[in-house]
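Please treat every number below as a calculation from the coordinates, not as lab data. In this text, all values refer to a predicted model and were calculated from it rather than measured experimentally.
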Amino acid sequence: DRRDLDDAARLLKAVAEGSKDPELRQVAKTRLARVLVEQGKHDEALALLDAGQAGAFAGLVHEIRGDALAAKGDAAAARTAYDAALAASGPESGLDSAFIELKRDALAQSVAPPAAAAAAAPEAEAK
């Protein structure tokens with residue numbers, strides 16, 4: 001399987017910018033953002049995703065923002081975005097709430113709060 005993310009990004013950008021259908025433009029933007037995250041272009045993905053303009057896609061936009069922020073290493077902002085995605089999700093959203101919770105909770109385990117890390121440092125030095 002050949003993954004040509006550059007071609008995918010080019011085609012999705014054309015749809016996102018050129019379609020007359022606003023919902024199709026929004027779908028193309030969310031998919032383009034996922035491609036950009038995969039390419040390591042996190043800031044471009046975040047710039048593309050405006051939850052305030054997403055309408056029914058707000059939960060999905062928040063989820064993808066969380067993915068981009070997590071990939072950038074900003075666990076606190078990613079957690080906030082995942083929480084916003086969960087708040088925006090409903091039966092008609094099509095979002096997998098359990099998966100979003102899993103991604104959010106994995107952040108909590110992978111990044112220790114600063115106070116816990118500081119408290120653990122003296123104990124490690126004493127050994």
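Key figures for this structure:
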| item | result |
| --- | --- |
| Extension reserve of the A56-E23 stretch, reckoned as 0.36 nm per residue once the Cα distance is removed | 11.0 nm |
| Solution diffusion estimate, µm²/s, Stokes-Einstein, the range 1-97, Kirkwood Rh from C-alpha pairs, 10 °C, viscosity 1.306 mPa s | 117 |
| Lysines with Cα under 26 Å of K41, excluding same-chain neighbours fewer than 8 positions away | K13, K29, K72, K103 |
| Computed over the range 1-41: relative contact order in percent, which uses C-alpha pairs under 8 Å that are six or more apart | 40 |
